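Asker: Sharing a structure, written as structure tokens. Questions coming.
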Amino acid sequence: MCSHYTALKKQEQLEKYFGARGIPLPPKSDMWPGYLGPLIRRPPEHDAGDEAVPEREAVVGRWGMIAPSTPPEKLAKAEKIAPFNSKSETAHKIWTFRLAWQHGRRCIIPAEAIFEPDWRPVYEQRGEHPVPTRFARADGAPLGIAGLWDRHRDAAGQWQVSYTMLTINADDDPLFKHYHQAGKEKRMVVILPEGAYEDWLTAPVADTRDFLLPYPAERLVAEPQPK
């Protein structure tokens, strides 16, 4: 599962590719679990009838979901184990993600690239290490990764946003089946086609699984990264 990605570095890309604006991007674009990153969502106030509310908004959240009912005294522990990926097959019933799934709190995580480890050198040559591999769109456009978001109160009682990436099985995917450790289930994040962005954010909850599909392998480029 993805534990490292590159967020967008330029604010104008949020508007150009995702139709969202309004926030300064966090200073770090090299994203690891627990970091603050941008996400695109439908504003919670959208259905209140206010015409001034946009269809989409960009907000900053913590990568790693924290359940909304987490009490202040358990926040420190929750932050250490906050899941940054969620299996789409079980997200609807796991405590951390259940409310986000039930209430359709879906988001798009804009990324230049994601990283996965290539373990083949480990098994083919003893003493080798997994090779970090960068996955990006072949056409140079950013990735729009399907995710869930929710909010919780911090120790001061203020609302904070957190998010997770949704994943699907990749055992038979022509590209991602070659990554991760041998003998373990292969997983991949859900990369949305651009034409599905609006529907992903607005579709009824019952239609959520219709979007959880593998991205065409031929439209991605996998590049081993130097140590």
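Asker: How much of the DSSP bridge set in the chain is antiparallel, in percent, rounded to the nearest 5?
Answerer: Here the antiparallel bridges make up roughly 90 percent for the chain.
Asker: Amide H neighbours of residue 179 under 5 Å, at least 5 residues apart or on other chains, H built in the peptide plane: list them.
Answerer: HN-HN under 5 Å from residue 179: empty list.
Asker: Please work out whether the range 153-227 counts as rounded, prolate or oblate from its C-alpha gyration tensor, where a ≥ b ≥ c are the square roots of the eigenvalues and a/c under 1.5 means rounded, while otherwise a/b larger than b/c means prolate and anything else oblate?
Answerer: Note, shape of the range 153-227 comes out oblate.
Asker: Over all alpha-carbon pairs in the chain, figure out the percentage whose distance exceeds 28 Å.
Answerer: 29
Asker: Take the alpha carbon gyration tensor of the range 72-144, find the square roots of its eigenvalues, order them as a ≥ b ≥ c, and report rounded if a/c is under 1.5; if not, report prolate when a/b exceeds b/c, else oblate.
Answerer: oblate
Asker: Leaving out ligands and nucleic acids, and using a 1.4 Å probe, what accessible area per residue does the chain come to in Å²?
Answerer: 52
Asker: To continue, here is another question. Can you tell me the order of 190-199, 31-40, 80-89 when each peptide is scored by its average per-residue count of other Cβ atoms within 10 angstrom, highest first?
Answerer: Order by mean packing, descending: 31-40, 80-89, 190-199.
Asker: Rounded to the nearest 500 deg cm²/dmol, what is the calculated helix-only ellipticity per residue at 222 nm for the chain, with -39500 (n - 2.57) per DSSP H run of length n ≥ 4?
Answerer: On the way: 5 runs with 34 residues, N = 227.
Roughly -3500 deg cm²/dmol at 222 nm, from the helical runs in the chain.
Asker: Then there's this: Going by average Cβ density within 10 Å per residue, which order do the peptides 4-13, 207-216 take, highest to lowest?
Answerer: My ranking of the peptides, most packed first, is 4-13, 207-216.
Asker: Which cross-chain or sequence-distant (5 or more) residues have an amide H under 5 Å from the amide H of residue 215, H modelled 1.01 Å from N in plane?
Answerer: Under 5 Å from the amide H of residue 215 lie the amide H atoms of 191, each far enough along the sequence or on another chain.
Asker: Among 63, 206, 147, pick out the residue whose Cα is farthest towards the positive end of the charge dipole of the chain, where Lys and Arg carry +1 and Asp and Glu carry -1 on C-beta, about the Cα centre.
Answerer: 63
Asker: Report, to the nearest whole %, how much of the accessible area of the chain belongs to carbon and sulfur atoms, 1.4 Å probe, protein only. It would help to have the intermediate numbers written out before the result.
Answerer: On the way: 6020 of 11690 Å².
Roughly 51 percent of what the probe reaches on the chain is carbon or sulfur.
The values are calculated or read from the model by the stated rules, or taken from the named source; none is laboratory data. All figures in this text were calculated on a predicted structure; none of them were measured in a lab. Methodologically, a virtual Cβ is constructed for each residue, glycine included, from the backbone with ideal geometry; neighbour enumeration extends over all protein chains shown. Quick note on the areas: whole protein, heavy atoms, side chains included, nothing else; ligands and nucleic acids left out. Shrake-Rupley method; radii C 1.70, N 1.55, O 1.52, S 1.80 Å.
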